[in-house]
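The values are calculated or read from the model by the stated rules, or taken from the named source; none is laboratory data. Worth saying up front: this structure is predicted, and the values here are computed from it rather than measured. A quick note on method: Cβ atoms are made from the backbone with ideal geometry, for glycine too, and the neighbour counts reach across all protein chains shown.
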């Protein structure tokens, strides 16, 4: 396993649509393992393959640090409710912005054996699912920000006050 370089806003790979995964090859499995290692090293909540320069429809998410989830070829099937809060991204380091997302999301995805499964999430998991799946279609959260981007450090200081 290896920690991969996270691509940052402005890198053209982040603006491209990803291709579906048709089979799990040793290289695909290595990518998945590397994505989890990279996610944990960066202390993120989610990571999509294009963020490490690979145009495949693969996402890894762990909202607790103890519940790793792999989603291959994920699709949002249902959403409801609404939540608004600050959101950041490993590809937009040091910045956060106010984003409104569904509070409930239901996703159809495939596991490492390409077996289908459904995943339902609320609150942070719903936010992470929407955020990461947008990466697969070449979009960053900054397109949805209401108001200015703020420095994450300034946001942390204002929450402590």
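Please enumerate the residues belonging to region 45-70 that are modelled with pLDDT of 95 or more and assigned to a loop (DSSP other than H, G, I, E, B). Outline the logic, then answer.
Within region 45-70, the subset modelled with pLDDT of 95 or more is 45-63, 68-70.
Passing the criteria: 45, 53, 54, 55, 57, 62, 63, 68.
Of the conditions (1) more than 20 Å from residue 29 (Cβ to Cβ); (2) at pLDDT 95 or above, residue 155 clears all except one; give me its number.
Exception for residue 155: condition (2).
Take residue 5 and decide whether it is in a loop (DSSP other than H, G, I, E, B), free of Cβ contacts under 8 Å to residues at least 40 places away in the same chain and surrounded by fewer than 20 Cβ atoms within 10 Å (Cβ to Cβ). Write out each step before concluding.
Working: in a loop (DSSP other than H, G, I, E, B): yes; free of Cβ contacts under 8 Å to residues at least 40 places away in the same chain: no; surrounded by fewer than 20 Cβ atoms within 10 Å (Cβ to Cβ): yes.
Criteria not met by residue 5.
Give region 8-44 a look and list any residue that's in a loop (DSSP other than H, G, I, E, B), loosely packed, with under 12 Cβ neighbours inside 10 Å and at negative phi, or say none. Write out each step before concluding.
Kept after step one, since they are in a loop (DSSP other than H, G, I, E, B), are these residues of region 8-44: 8-11, 16-18, 20-25, 42-44.
Then drop every residue that is not loosely packed, with under 12 Cβ neighbours inside 10 Å, which leaves 10, 17, 20, 22-23, 25, 43.
17, 20, 22, 23, 25 - these are the residues of region 8-44 that are in a loop (DSSP other than H, G, I, E, B), loosely packed, with under 12 Cβ neighbours inside 10 Å and at negative phi.
Please determine, by comparing only the residues of region 71-95 that are more than 16 Å from the chain's Cα centre (by Cα) and part of a loop (DSSP other than H, G, I, E, B), which one is nearest to residue 42 (Cα to Cα).
82
Output the number of the condition that residue 65 fails; it satisfies all remaining conditions of (1) surrounded by fewer than 17 Cβ atoms within 10 Å (Cβ to Cβ); (2) at positive phi; (3) in contact with a strand residue (DSSP E or B) (Cβ under 7 Å, 6 or more places away or on another chain).
The number of the failed condition is (3).
From the list 98, 77, which residue is touching a strand residue (DSSP E or B) at 6+ places or on another chain (Cβ under 8 Å), closer than 27 Å to residue 147 by Cβ, touching a residue at least 24 places away in the same chain (Cβ under 8 Å) and surrounded by fewer than 20 Cβ atoms within 10 Å (Cβ to Cβ)? Explain how you work it out, then say what you get.
Working: 77 fails: closer than 27 Å to residue 147 by Cβ.
Criteria check complete, one pass: 98.
Which of the residues spanning region 131-147 are in contact (Cβ under 8 Å) with a residue 60 or more places away in the chain, farther than 14 Å from residue 79 by Cβ and either within 8 Å of the chain's Cα centre (by Cα) or part of a helix (DSSP H, G or I) (or both)?
132, 135, 142
When only residues in region 115-130 that are in contact with a strand residue (DSSP E or B) (Cβ under 7 Å, 6 or more places away or on another chain) and not in a helix (DSSP H, G or I) count, which is nearest to residue 23 (Cα to Cα)?
116
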